[in-house]
């Protein structure tokens, strides 16, 4: 799915929603070569967009707030920030967006593999979903900073 964010073009890659792989599976690689304007020394950034099941957005926020944030830190995953749309027609009732940063793609892949296998994550996920899945879909976009970006 292609979206625009201001003047930035985003390519969304759906992520599998299997129990262990839900938030942890690396997106499928693309065949398009990266732009030469991407910084060679950029960290790996990932924008993740979660679409909550109907009525489950606050439970999803609670899982991140009470469990996932500590597990991200445990596995060396740097949280840049979390956001939610403010307009209903843009998903304010079911959408959560966050950005992670990693030293590089291999570090990202390793961190998510370890995170997905962590028994504390599996318990938090399973406990939070006793009354049904919290997430209907996850989109993931892996990014590198442009060579002129102040954030690399």
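Laboratory data are not the source of any read-out in this text; all were calculated from the coordinates shown. What you see is a predicted model, and the numbers here were worked out from it, not measured in a lab. Glycine also receives a Cβ, built like all others from the backbone with ideal geometry; neighbour counts cover every protein chain displayed.
Per-structure values
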| read-out | value |
| --- | --- |
| Where a label projected 7 Å from the Cα of residue 146 along Cα→Cβ would reach, residues of the stretch 79-117 with amide N under 14 Å | none |
| Label-to-label distance, nm, for residues given as residue 110 and residue 65 (7 Å Cα→Cβ offset) | 3.4 nm |
| Spin-label model distance (nm) - residue 136 vs residue 73, 7 Å beyond Cα toward Cβ | 3.3 nm |
| Dimensions (Å) - the stretch 41-144, Cα atoms, principal axes, largest first | 40, 33, 18 |
